[in-house]
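Scroll down for the structure; my scribbles are underneath it.
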Amino acid sequence: MGKKVAIIGAGVSGLASIRSCLEEGLEPTCFEKSNDIGGLWKFSDHAEEGRASIYKSVFSNSSKEMMCFPDFPFPDDFPNFMHNSKIQEYIIAFAKEKNLLKYIQFKTFVSSVNKHPDFATTGQWDVTTERDGKKESAVFDAVMVCSGHHVYPNLPKKSFPGLNHFKGKCFHSSDYKEPGVFNGKRVLVVGLGNSGCDIATELSRTAEQVMISSRSGSWVMSRVWDNGYPWDMLLVTRFGTFLKNNLPTAISDWLYVKQMNARFKHENYGLMPLNGVLRKEPVFNDELPASILCGIVSVKPNVKEFTGTSAIFEDGTIFEGIDCVIFATGYSFAYPFLDESIIKSRNNEIILFKGVFPPLLEKSTIAVIGFVQSLGAAIPTVDLQSRWAAQVIKGTCTLPSMEDMMNDINEKMEKKRKWFGKSETIQTDYIVYMDELSSFIGAKPNIPWLFLTDPKLAMEVYFGPYSPYQFRLVGPGQWPGARNAILTQWDRSLKPMQTRVVGRLQKPCFFFHWLKLFAIPILLIAVFLVLT
């Protein structure tokens, strides 16, 4: 075996990293704090400190064809959007199929990762672990941090005057598990993210009254998109990204707002974002608009202050007799086993080259996997990140100079300000980012060449869903089944719904989809030309 690599965490990032290390001939050892794999997707009926926590009813926001490992499709009969138990089942099947479990040390807590005394020349790390009360230290040639960023709840109590006087229950959404205990209660949910909306709509079936407080609003999307197809198989495409990034800003913004408002007018529901053209991550919830229409969920502005039993909002309205406040206010980023100077290099922010490598180390032998967020799915993202990181660690792929990496980071931050509104966000443009990573390792398909040599496949790759199989079409780790997986992805998407067959399957035609989108602008231009 080659270099020894310590992998921290056995969620999807950790499993992808083990597999990537093995593909590159490295020697991985994965340390997992719990007794099982899966990370975020492993449901527990109680929250555990230092571990990601989900509620019992969590479903995926990405469809199965868009969120699988690139050479391991989900079973045909799995639904498009899956309950967390189905995803955990898939993760276990992947780990067994790729023979990854033997590289994992369970119930092992990583307490510290420090530079070895001769780090400047060797790039090695001293990793200290704890198991059954016993500490052990070992030297590794590299470290891959796969502990996730949904671990440490952000509970901004100081931002809400009077909260210390509130007499009801108050907790973070990470402690929420199921709705039964809220029967007949009056509940305020603070935060309009995915968790906040899921919890609010679920509680609305049992609670007496539910209100959501939002500071800045959010776009709310449905998993079910045009003609009933999964949203991401229609919207996450190479051609769509090309238009978004090359059309004049005014037209691109107009198309984006039109797309977000396709299902309902957000202004009428109190959900409209303060800055609607920013490409902040939308909320995925199929029930919220109906819940608002039916009056079982209400949307309010930010809380100005709390009293003993009520919340006073910034518009002067009051929600009285509150039994419980649930803060769905996101998570803080922290890696307590690392010295902050390793990954925080400016204004106390975590600065990483391409979201993976700290740019100011003498040796690039530590990688953070999974520290990005986008409209794309996590599994293919961490798979590509770990493949690239493994090649860098092995030495077959080199990074730019420190100066070039910092220049790239600064340039990307300017673009983030434009698209997402703040530089410290970990959001990124999914397709641009994935194409960049795949080009580093020689796995990006050559689209023009594909149109010349395999036009049928090229049409699906460019105009169709940006599915993970594309990252195993060519280059290192090429999968012989990738072409067929791309050409049959709609069959697998539609199959689980064929429980009552009433005709042949209706697959989307992307030409007509884009024609419909541009019909109004084309008509207006035509009228303008005729009149002039």
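The values are calculated or read from the model by the stated rules, or taken from the named source; none is laboratory data. As the structure is a computational prediction, the values presented were derived from the model and not from experiment. Cβ placement follows ideal geometry from the backbone for every residue including glycine, while neighbour counts extend to all protein chains displayed. When the accessible area is computed, the model is the full protein with side chains, heavy atoms only, and any ligands, DNA or RNA have been set aside. Shrake-Rupley method; radii C 1.70, N 1.55, O 1.52, S 1.80 Å.
Values computed for the structure shown
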quantity: Region 1-160 - percent relative contact order, Cα under 8 Å, separation 6 or more; calculated: 30 percent
quantity: For the chain: relative contact order, % (alpha-carbon pairs under 8 angstrom, 6 or more apart); calculated: 19 percent
quantity: Square roots of 5 times each gyration tensor eigenvalue, C-alpha, the chain, largest first, Å; calculated: 36, 33, 23
quantity: Centroid-to-centroid separation of region 310-326 and region 182-223 [C-alpha atoms, Å]; calculated: 14 Å
quantity: Distance from region 36-104 to region 331-392 (C-alpha centre basis), Å; calculated: 22 Å
quantity: Spatial separation of Cα centroids for region 397-420 and region 266-292, in angstrom; calculated: 31 Å
quantity: Antiparallel DSSP beta bridges within the chain, percent to nearest 5; calculated: 45 percent
quantity: Per-peptide average of other Cβ atoms within 10 Å, ordering 351-359, 501-509 highest first; calculated: 351-359, 501-509
quantity: Residue-normalised accessible area of region 125-189, expressed per residue, 1.4 Å probe, Å²; calculated: 54 Å²
quantity: Low-density loop cleavage sites - GluC sites (Glu not before Pro) in region 1-102, where at most 12 other Cβ are within 10 Å (DSSP); calculated: 48, 49
quantity: Farthest toward positive dipole pole in the chain [+1 Lys/Arg, -1 Asp/Glu at C-beta], among 95, 293, 381; calculated: 293
quantity: Counted charge near residue 498, where neighbours are those whose Cβ lies closer than 12 Å (Asp, Glu -1; Lys, Arg +1); calculated: +1
quantity: Accessible area of region 39-82 belonging to carbon and sulfur atoms, whole % at 1.4 Å probe; calculated: 53 percent
